[in-house]
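Comments concern the structure below.
All of the numbers you see were taken from the coordinates with simple rules; none came from a lab. Predicted model only: the values in this text are computed from it and were never measured. Neighbour counts run over all protein chains shown; Cβ positions are idealised from the backbone, glycine included.
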Amino acid sequence: MAYTTDTRSAGLGQRIAALRASLADRVAKSKIYRTTFNELQALTDRDLADLGISRSMIKRIAIEASEAK
C-alpha cells in the first residue's frame with residue numbers, strides 16, 4: 001500500500017519574517033540582559049546586600065530578567 005505525505009513548507013517571505021522576528025527578540029533580550037547586568041554591577045556591595053543579592057548572583061539575575069520578557 002502506498003502512502004503519500006503532504007508537507008507544506010513556509011514560503012520564503014514567511015521564513016524571512018520569522019527570522020527577523022527571532023532576531024529582533026534576541027536583540028531585545030540581549031539589551032535587557034546587558035542593562036540589568038550593568039546596573040547591578042554598578043551597585044556597591046552594601047547596596048547589593050540590602051537587596052539580598054551577592055555578586056555571584058548578578059549573572060543569573062540578568063539572565064532571568066532577559067528571559068522574562
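Please give, to one decimal in nm, the separation of the simple spin-label points placed at LEU51 and VAL27, each 7 Å out from Cα toward the Cβ.
2.7 nm
Consider just the alpha-carbon atoms of segment 29-69 and return their Rg together with their Dmax, both in angstrom.
Cα radius of gyration and Dmax of segment 29-69 are 9.9, 28 Å respectively.
Looking at the P(r) of the chain, how many percent of alpha-carbon pairs lie beyond 14 Å?
Working: 1631 of 2346 pairs.
Everything past 14 Å amounts to 70 percent.
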